[in-house]
Amino acid sequence: MIPSLFPSKRRLQQRRAQKFWAVAALALLTLIFAACAPQPATVGDTTQEEAAAEPQPTAAPAAEEAMAPIKIGALTPLSAPGAVVGGEAMRDAMLIAADEINAQGGLLGRPVELIIVDTEGLPERGTAVTERLINQDAVVAIGGGYHSSVGVAAKEVAHDNGVPVVFAETWNDTITSVQYPEVFRIAPLNSEVSAVDVKFIQWLRDEVGTRLEKIVILTENTDYGIPAAEETTRLLGELGIEAVTFGVDIGAQDFAGIIERVKAESPDMIMTLATGEASYNFTQQAADAGLGPQDVPTLCNQVSLVSDAFWTNVPDGNFCFVRRVGLPTQLYNDVAINFLAEYQARTGKEAAESYALAAYDSIMIIAQAITEAGSTNPTEIIAALENITHEGSLGTITFPVNQNNTPEQAGLDPKWWHQFPDPAITIVQYQEEGQNSVSATVVYPQTYQTADPVIVGQ
Amino acid sequence: MACGSLPFARNRMEHAAIFGWALLWFAFWGVVGGVITPQIYARKDLEISQASFGGAVIGAALGPFSLLPLWIATPKIDNRMIGVAGALVVGIFITAFALADPDNLCVANGEFVISQLANGIVIGIIYGLMALGLTLIFSILGVVSFAHGEFYMIGGMVTYFMTAEWLPGAPPIVGILASCVVTFSIGYIFERIFLRPLGSGQIERPGEYAILVTFGLAFFLQYFTQALASANPVKAQRFFPFPRTEIPLDSGSLLRTTPGNITILDTISIPNPRFTAALLALIMLAALLWFLYHTWTGKALRAVSQDRQAAAVAGINPNSMNTLAFSLGAMLAGLSGASLVQVFSWLPQVGIPAAARSFVIIVLGGMGSLPGAFLGGLVVGIVEAAGTGCVPDATRAAAYIPAYGMVILTLVLLLKPTGLFGREL
């Protein structure tokens with residue numbers, strides 16, 4: 001059929017009808033989308049409109065400014081390839097912190113507005129959103145942070161702009177070792193975590209009697225994974241344990257080829273230094289191939305502490321060992337107990353992950369520093385942070401190595417600059433399928449041990 | 001510190017120079033053959049359509065020892081000749097690799113090689129199914145759907161939610177069928193509303209319009225799913241856990257199954273989710289081929305792909321075929337996702353790398369070629385498995401996965417721009 005150059009009346013009517021249905025369909029989809037989109041109270045990458053943050057109408061601009069909210073930035077991964085499970089936990093925790101601050105009357109008589117941005121776990125995105133927080137949203141300080149590579153990039157932006165940042169979950173040593181005045185950290189150091197991991201492995205070998213001659217490390221090729229694998233390999237070497245490392249990119253999905261190579265190494269233990277869903281993918285695919293936590297002792301990544309997501313994605317993950325940062329639940333202080341109650345109410349989870357606790361503390365420390373400084377001036381906030389003693393959910397947080405007590409004066413490595421020195425680290429083990437991480441067995445250190453470890457495949 | 005300098009074990013070839021010289025041999029004589037052969041054939045007024053590709057492969061295989069006889073005798077370069085030369089190239093490549101790195105698992109461990117090959121074939125079959133959908137759309141509509149990865153994602157999401165959240169305990173087939181219905185319906189509605197104007201002449205720049213509108217759909221589906229389902233990873237349980245079996249009963253040397261794994265001949269070990277996903281893909285492929293070659297509608301689809309106007313003269317409505325092709329293509333992507341949601345953790349962004357891989361596969365196989373798409377999927381699957389298994393540097397072997405397919409694609413495009421099975425221009 002040859003189409004006519006001049007459409008008939010019927011054809012025109014058909015076109016009008018098509019256009020009508022197209023517009024109607026678009027309108028319907030938009031409505032559905034609007035109805036299903038997250039509510040402003042939990043919005044990510046946009047301004048959080050807290051009820052308490054609503055300014056009262058005033059006549060004079062000066063009064064308006066005086067009542068304007070104090071803006072605090074929050075870095076967290078909310079999209080892939082970032083560790084979304086961890087990012088959402090941190091977002092919820094930081095929102096709880098902001099709610100608490102506002103419920104207690106805000107800071108300096110002003111409400112607090114938390115501006116959460118999505119880092120996607122990517123350094124370039126981390127740089128961009130930190131720039132935006134400082135130069136567009138005019139935040140007075142920044143908390144949160146999950147991926148080390150994002151922290152490494154974001155610290156440069158914070159330093160260039162003189163804005164204080166308290167990192168919650170970025171472990172890379174260089175974040176503090178560069179000794180920027182603006183950068184503080186309550187997360188543990190990568191090298192210290194590696195030391196704990198290796199001490200645990202040594203304890204398994206020497207005290208529990210586990211055969212451990214060769215360990216396979218699966219690491220992500222990031223500022224977290226590479227130094228961690230390197231340090232762990234070095235420390236294991238000192239114990240006479242061979243380590244073979246396999247690297248993957250963040251967000252990797254298919255591990256079939258790598259798992260065959262791991263299998264060919266006949267490892268006595270597997271250690272996962274890959275975060276997010278890559279960790280889940282590897283552990284379950286290894287289990288499918290007969291190399292999972294029920295076949296070979298496996299130290300899973302800390303993202304495995306998100307019990308619901310872990311068991312959904314790794315149904316064969318029983319007997320995973322998982323490193324947990326923060327006080328053991330039996331030693332929770334009042335702050336942690338109160339936070340846990342709020343967290344359970346908000347998220348429906350039974351337990352709070354270590355990075356949720358750290359994220360909460362990062363915002364609360366900034367709040368305390370602003371109060372003690374009596375100002376939102378970044379320099380004064382930094383001075384207050386240097387001298388702070390904060391009773392947080394992770395314990396009593398201080399930054400003892402600072403401008404008054406430099407690493408050189410203290411005889412310490414520069415990595416301890418503005419670093420919380422005492423984050424508790426324990427190793428827990430899932431010993432029942434579907435178990436919640438809060439009730440997981442603490443196996444190491446022995447001070448906190450609740451039961452003996454189950455060693456598989458020996 | 002660069003990854004390559006980390007103190008990791010076994011990350012370098014023992015005699016890298018041997019492998020380097022072999023690559024140099026391929027590159028040099030391949031270029032010489034590819035450039036000079038068509039000139040010689042043209043001077044003698046002979047067929048030159050295969051001269052460049054054939055000359056390059058024949059040159060890479062035996063260098064001057066094959067090129068000189070070729071240039072003197074100037075025989076017709078057919079697929080058989082290219083196939084033999086290609087096999088020689090692969091053989092020399094493998095030999096050079098084996099000599100360069102004799103301790104490599106791919107050289108020293110036969111079981112490992114067979115397992116990697118099996119892994120590559122299994123995942124390649126699924127890649128092929130997904131790419132088939134994309135190439136079907138291209139062959140009928142002339143449009144590259146940038147939303148293909150999102151249909152793949154939705155297929156997996158629907159299967160997960162049907163079997164784990166909305167109807168817990170429902171058989172997997174319910175989820176798979178639901179994913180077919182949902183992806184087919186979205187494809188149908190989208191084509192009717194947004195792509196139908198392409199054929200009516202209402203759009204001034206149809207090529208750009210198609211790219212933009214499918215990009216728009218991709219973003220919409222991705223973020224709409226994220227708003228509905230959150231960005232947390234989910235995963236369906238194994239569709240069909242194997243019973244514990246051993247054949248023969250006392251040793252299991254022929255076949256051994258556990259709920260999560262099947263081991264054949266004590267050598268080939270395939271995880272259950274991959275095995276069942278590949279089986280599903282093969283069934284779907286057979287059904288698709290039957291549909292395309294044994295039903296009137298399927299034949300009509302193929303007719304439109306070959307000559308749109310002639311098909312219209314024969315009474316086939318090309319617009320209906322457009323709608324059917326786009327919906328079917330979307331459904332094939334959805335089916336791939338539905339079969340893989342038991343293998344991988346599933347996120348709203350899971351379709352991005354899958355779509356990129358599909359683009360590689362259909363260009364590799366030849367745009368619009370159905371057999372090319374499937375074989376391209378197999379080639380990419382096997383090359384990825386070989387690369388992951390054989391690259392000596394363990395810290396980079398898996399990180400290079402996206403690059404392996406790209407290397408093959410680049411080589412094929414250099415030597416045969418229409419792809420392996422593409423129509424000659």
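Distance from the C-alpha centroid of the range B:204-255 to that of the range A:433-458: 34 Å, rounded to the whole angstrom. Measuring nothing but alpha carbons in the protein assembly as shown and taking Rh as the Kirkwood radius, the Rg to Rh ratio lands at 1.01.
The relative contact order of the range B:13-102 comes to 41 percent, based on Cα pairs under 8 Å that sit 6 or more residues apart.
Here the Karplus relation 6.51 cos²θ - 1.76 cosθ + 1.60, evaluated at θ = phi - 60°, turns the backbone of the range A:74-80 into coupling constants of 9, 9, 6, x, 10, 9, 5 Hz, with x for every Gly and Pro. Charge dipole (Cα centre; +1 on Lys/Arg Cβ, -1 on Asp/Glu Cβ; no other charges) of the range B:13-102 amounts to roughly 280 debye. In a simple Cβ point-charge model (Lys, Arg +1; Asp, Glu -1; nothing else charged), the protein assembly as shown has a dipole of about 4820 debye relative to its Cα centre. The alpha carbon convex hull volume per residue for the range B:91-200 rounds to 162 Å³. Per residue of chain A, the DSSP helices (runs of n ≥ 4 H) give a summed -39500 (n - 2.57) that works out to -13000 deg cm²/dmol at 222 nm.
The Cα atoms of the range A:217-334 define a convex hull whose projected area, averaged across directions, is 8.2 nm².
Relative to the 2.2 N^0.38 Å rule of thumb, the range B:202-290 has a C-alpha radius of gyration ratio of 1.79.
Per-residue shielding of A:76-82, expressed as the average number of other chain Cβ atoms within 10 Å of the residue Cβ, stands at 4.
Of the GluC sites (Glu not before Pro) found in the range A:334-412, the ones in coil according to DSSP and having at most 14 other Cβ atoms within 10 Å of their Cβ are A:GLU350. Scanning chain B for helices, which whole DSSP H stretches are 18 Å or more long along the axis (Cα) and average -1.0 or more by Kyte-Doolittle? Passing helices, by number: B:16-43, B:79-100, B:110-141, B:148-160, B:172-190, B:206-229, B:272-294, B:318-340, B:351-365, B:370-390, B:401-415. Sparse packing (at most 12 other Cβ atoms within 10 Å of the Cβ) combined with a DSSP loop state is found for the following GluC sites (Glu not before Pro) in the range A:203-288: A:GLU213. Rounded to the nearest 500, the 222 nm mean residue ellipticity of chain B from helices alone is -22000 deg cm²/dmol, with -39,500 (n - 2.57) taken per DSSP H run of at least 4 residues. Mean projection of the Cα convex hull over all viewing directions, computed for chain B: 25.8 nm². Against the empirical curve 2.2 N^0.38 Å, the C-alpha radius of gyration of the range A:128-194 lands at a ratio of 1.03. Inter-chain Cβ neighbour count for B:270-277, averaged per residue, equals 3 (cutoff 10 Å, partner chain atoms only). Based on the reciprocal of the average 1/r between different C-alpha atoms, the Kirkwood radius for chain A equals 23.5 Å. Separation of the range A:226-244 and the range A:127-184, taken as the distance between their Cα centroids, equals 29 angstrom. Each principal axis of the range A:114-254 carries a Cα extent, and these read 57, 34, 23 Å when sorted largest first. Annotation for the range A:343-365 versus the range B:367-425: alpha-carbon center distance of 45 Å.
Mean separation of Cα pairs under 8 Å and 6 or more residues apart, divided by the residue count, gives chain B a relative contact order of 25 percent.
Here chain B is scanned for trypsin sites (Lys or Arg not before Pro) in DSSP loops (not H, G, I, E, B) that have at most 13 other Cβ atoms within 10 Å, and the longest stretch holding none of them is B:245-422. The packing ranking, built from the mean of other Cβ atoms within 10 Å per residue, places the peptides B:31-37, B:368-374, A:140-146 in the order A:140-146, B:368-374, B:31-37, highest first.
Fully extending the segment from B:PHE291 to B:LEU167 would add 41.6 nm, taking 0.36 nm per residue of separation and subtracting the current Cα-Cα distance. Over 14 Å, how big is the tail of the calculated P(r) for the range A:364-425, in percent of all Cα pairs? Tail of the P(r) past 14 Å holds 56 percent of the pairs. Close amide H contacts of A:PHE167 (hydrogens built in the peptide plane, cut-off under 5 Å, sequence separation of 5 or more or a different chain): A:PHE184, A:ARG185, A:ILE186. Counting only other chain Cβ atoms within 10 Å of each residue's Cβ, the peptide A:280-293 averages 4.
The residue list B:THR37, B:TRP21, B:VAL57 was ranked by how far each Cα lies along the charge dipole of the range B:13-102 toward its positive end, using unit charges on Cβ atoms, and B:THR37 comes out on top. Taking a straight Cα-Cα cut-off under 14 Å and skipping sequence neighbours fewer than 8 places away in the same chain, the aspartates and glutamates within cross-link reach of A:LYS155 are A:GLU124, A:GLU131, A:GLU169, A:ASP173, A:GLU182, A:ASP223. Each Cα pair under 8 Å and six or more residues apart adds its separation to the average, and for chain A the resulting relative contact order is 15 percent.
Residues whose amide H falls under 5 Å from that of A:VAL248, counting only those 5 or more places apart or on a different chain, are A:THR219, A:GLU220, A:ASN221, with hydrogens built in the peptide plane. If you average 1/r over every pair of different alpha-carbon atoms in the range A:309-364 and take one over that average, what Kirkwood value in Å do you get? This gives a value of 12.7 Å.
Across the range A:322-445, the volume of the C-alpha convex hull divided among the residues equals 116 Å³ per residue. When you work out D = kT/(6 pi eta Rh) for the range B:13-102 at 25 °C and 0.890 mPa s, using the Kirkwood radius from C-alpha pairs as Rh and the Stokes-Einstein form, the result is 185 µm²/s.
Read-outs throughout are calculated quantities, based only on the coordinates presented, and are distinct from any laboratory measurement. Keep in mind that what you see is a predicted model, and the values were worked out from it rather than measured. In this analysis, Cβ positions are derived from the backbone assuming ideal geometry, glycine residues included, and neighbour counts consider all displayed protein chains.
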